[in-house]
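Written below as structure tokens is the structure these notes are about.
The values are calculated or read from the model by the stated rules, or taken from the named source; none is laboratory data. Since the model is a prediction, treat every value here as computed from it, not as a measurement. Because the Cβ atoms are built from the backbone with ideal geometry, glycine has one as well, and the counts that use them run over all protein chains shown. Please note that ligands, DNA and RNA were not included when accessible areas were found on the heavy atoms of the full protein model with its side chains. Shrake-Rupley method; radii C 1.70, N 1.55, O 1.52, S 1.80 Å.
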Amino acid sequence: MKKTLLFSVIFLLILALLTGCTDPAAPGDITTPGTTAPSTTEPVTPPAPAISAETLAYPVGEEIVVLYYNVDAGCYIAIQPGDVDAFSPIDRRDAAGTGEVRFPSEGFAPGPYTISLHTADDLLLTSCHVMMLDPAEADYGAKAAVLHVEKTDGVSHASVTVTPAWGKTLTYTFSWSKGGVRLAGYNPITTVTASGTEPFDVAFNDTIFMPADADGVEIAVAEGVSTPLYISADDTLKVPASTLLFKFSVLSDLHIATTQATYVEHLHNALADIREVAPDSAVVFTVGDNTDVGKARNYELIFQIIKEELTDRGVDIPFRYTIGNHDLDKASTYEKQLDLFLKQTGMPGLYYACEFGGMKFIVLGSEEKEQGGVMYDGQIDWLEAELRAAGTEKPVFLFMHEPLIETVAGSLYSLNPGTQYSFGYEAANERLRALLAEYPNAILFTGHTHFIFESTQPVLYGGGKDASFVGCPATGYLWNDDNHEVPGAEGWYIEVYEDYILLKGREYTEQQWCAAAQFLFPLG
């Protein structure tokens, strides 16, 4: 019965549609045959055709985009220099309906241009104007920007939404600013290439903090006479007041050799910088590859440079060394290379613990000459006992040459296996990650990759749920995300406060702070 009723309803609806009787006339709406019901609406006037340029000014060489609306078939859009009164188009495009046309502007001279819409028989319908600019004088500066800042559990999350002024592909540089002027002594926070006129978002590294002297962000484009755009920032990104407990410095991948003059010069630069910036460091840690080929004379050269740059100038800072694969790289046995490392550096063993500022520091090392590093259960058992003794109340700092898989720049194999291959400890990785996850107060510093601070994920913050992982660039030579060598030498200054730890990346050859690597790890 229900199916029969349903089919009847569907049949009646179809019949009504076919006969145009879907809405029976209501009483009072019936008209007499041969008469017409009076109209209750005004006649609709079709919208007039219109055109507009996507922007009002274009640099010569950039494609000009013209939007058109409600255009009849057979019409065309033309462009010409000067005014439309003397019609002499240099290019034209057919148009119909609503859409866009594009005019390449190579060879156009700077100056005013008219864009006009015409019928098929050349009748002018409407027009608009654009200015063509000399590319060297075009102001490519961003049109607008908004800084977004959140802080959760003491950790900052910052990003910027940028509205471009131009559709062409441009490179935007983001830097800390003071009163609308780029802050001296800092290299850029980040550099991003973008195209089109749609707003785009740029995220800063989580836990980043703003220098005390800064009050905002500058966005600059290095083309033409581009005007930098300044956006202010409140104190959310500033470092809160706290008591400084002590400082230490971290170097990695020195690669010192008597045949490597550049690497030797970079170590001179790094130690001279430490002498000027942090002569009161409690200790300097190296994170492996102290030498390029593991020879005695290379170690002796390191100690000579330390003497020249620090000791002879009245700065007495102890050094603690981590072994790296290059320290084991000479054509001899692992045992002989380890013995040379221990005798030259005076370290108590391949792995050892020490204390500075009332906090524990743990150094680990590979037990084979494999480039990726090998760690056996005995060393991990020892580490587990050291961590258990240290507890979770205070920070614990660990140092190991090769990084763990999927932690910091150069170990992010899933991101790009072609460039992110410099991870180590594959066999021990799972156990080490599980152990460190029990100690969210632990911070592991690793080297080996040489990836610069501006690389993807220089730091992986544990957020109270895992240990934190810190990638250490090299003083010897550097690599970027594309696995290309770049000039310079980088390392860390670490400041330990009662309430947080500041990690401050530094470029030694230019004596610049690395704005992309200024991090605040809250404690407690």
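Brief remarks on what is shown
- Residues of region 334-370 that turn out to be part of a strand (DSSP E or B) and either in contact with a Gly (Cβ under 6 Å, 6 or more places away or on another chain) or open to solvent by 70 Å² or more (accessible area, probe 1.4 Å) (or both), as a count: 1
- Test: residue in region 237-252 that is touching a residue at least 24 places away in the same chain (Cβ under 8 Å), over 29 Å from Val155 (Cβ atoms) and charged (D, E, K, R): no
- Pairs meeting the criteria (first residue in region 392-411 and on the phi < 0 side of the Ramachandran plot, second residue among the basic types (Lys, Arg) and open to solvent by 10 Å² or more (accessible area, probe 1.4 Å), beta carbons under 7 Å, at least 6 apart or on different chains) are Val396/Lys360; Leu404/Arg433.
- Take the conditions (1) exposed (fewer than 10 other Cβ atoms within 10 Å of the Cβ); (2) modelled with pLDDT of 50 or more; Phe103 misses just one of them, which is (1).
- Members of region 278-309 found to be open to solvent by less than 40 Å² (accessible area, probe 1.4 Å), over 31 Å from the mean Cα position of the chain (by Cα) and acidic (Asp, Glu), listed by number: Glu309
- The residues of region 300-320 that are in contact (Cβ under 8 Å) with a residue 40 or more places away in the chain and touching a strand residue (DSSP E or B) at 6+ places or on another chain (Cβ under 6 Å), listed by number, are Leu301, Ile302, Ile317, Arg320.
- Pair list, Cβ under 7 Å, 6 or more apart: region 342-365 residue hydroxyl-bearing (Ser, Thr, Tyr), other residue open to solvent by 20 Å² or more (accessible area, probe 1.4 Å): Tyr351/Trp382
Conditions tested, residue by residue: (1) farther than 22 Å from Cys514 by Cβ; (2) open to solvent by 10 Å² or more (accessible area, probe 1.4 Å).
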{"position": "Ser411", "(1), (2)": "no, no"}
{"position": "Gly424", "(1), (2)": "yes, no"}
{"position": "Ala428", "(1), (2)": "yes, no"}
{"position": "Lys465", "(1), (2)": "yes, yes"}
{"position": "Thr475", "(1), (2)": "no, no"}
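- Test: residue in region 374-396 that is under 31 Å from the mean Cα position of the chain (by Cα) and outside any strand (DSSP E or B): yes
- Candidate set from region 443-463 (those that are of a type in the set (Gly, Ala, Ser) and buried (at least 24 other Cβ atoms within 10 Å of the Cβ)); member that is farthest from Thr207 (Cα to Cα): Gly447
- Some residue of region 54-72 being among the charged types (D, E, K, R), under 36 Å from the mean Cα position of the chain (by Cα) and surrounded by 19 or more Cβ atoms within 10 Å (Cβ to Cβ): yes
- Single residue of region 310-333 satisfying the filter (within 35 Å of the chain's Cα centre (by Cα) and open to solvent by 20 Å² or more (accessible area, probe 1.4 Å)) that is nearest to Pro403 (Cα to Cα): His326
- Candidate set: region 508-524, residues that are open to solvent by 20 Å² or more (accessible area, probe 1.4 Å) and touching a residue at least 60 places away in the same chain (Cβ under 8 Å); chosen: the one farthest from the chain's Cα centre (by Cα): Leu523
- Region 208-227 residues that are among the aromatic types (Phe, Trp, Tyr), paired with ones that are surrounded by 19 or more Cβ atoms within 10 Å (Cβ to Cβ) (beta carbon under 6 Å, 6 or more apart): Phe209/Leu237; Phe209/Gln518; Phe209/Leu520
- Scanning region 107-128 for residues that are open to solvent by 60 Å² or more (accessible area, probe 1.4 Å) and either part of a loop (DSSP other than H, G, I, E, B) or touching a residue at least 40 places away in the same chain (Cβ under 8 Å) (or both) yields Gly107, Pro110, Ala120, Asp121, Asp122, Leu123, Leu124, Leu125.
- Restricted to region 482-496, and to residues there that are of a type outside the set (A, V, I, L, M, F, W, C) and open to solvent by less than 50 Å² (accessible area, probe 1.4 Å), the residue that is nearest to the chain's Cα centre (by Cα) is Asn483.
- Criterion applied to Asp122, Asp139, Asp153, Asp201 was being within 17 Å of the chain's Cα centre (by Cα) and either modelled with pLDDT of 95 or more or not aromatic (Phe, Trp, Tyr) (or both), and the one residue passing it is Asp201.
Okay, residues lined up against (1) closer than 30 Å to Thr509 by Cβ; (2) at pLDDT 90 or above; (3) open to solvent by 20 Å² or more (accessible area, probe 1.4 Å); (4) touching a Lys or Arg at 6+ places or on another chain (Cβ under 8 Å):
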| site | (1), (2), (3), (4) |
| --- | --- |
| Met132 | no, yes, no, no |
| Lys143 | no, yes, yes, no |
| His148 | no, yes, yes, no |
| Thr171 | yes, yes, yes, no |
| Gly180 | yes, no, yes, no |
| Ala184 | yes, yes, yes, no |
| Thr191 | yes, yes, yes, no |
| Ile208 | yes, yes, no, no |
| Asp234 | no, no, yes, no |
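Results for (1) part of a strand (DSSP E or B); (2) at pLDDT 95 or above, shown as yes or no for each residue.
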position	(1), (2)
Phe445	yes, yes
Thr456	no, no
Gly476	no, yes
Leu503	yes, yes
Leu520	yes, yes
Gly524	no, no
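- Of the residues screened, Ala331 is not one that is small (Gly, Ala, Ser), in contact (Cβ under 8 Å) with a residue 40 or more places away in the chain, assigned to a loop (DSSP other than H, G, I, E, B) and more than 16 Å from Gly476 (Cα to Cα).
- Residue check, Ala220 crowded, with 16+ Cβ neighbours inside 10 Å, under 30 Å from Tyr351 (Cβ atoms), touching a strand residue (DSSP E or B) at 6+ places or on another chain (Cβ under 9 Å) and at pLDDT 95 or above: no
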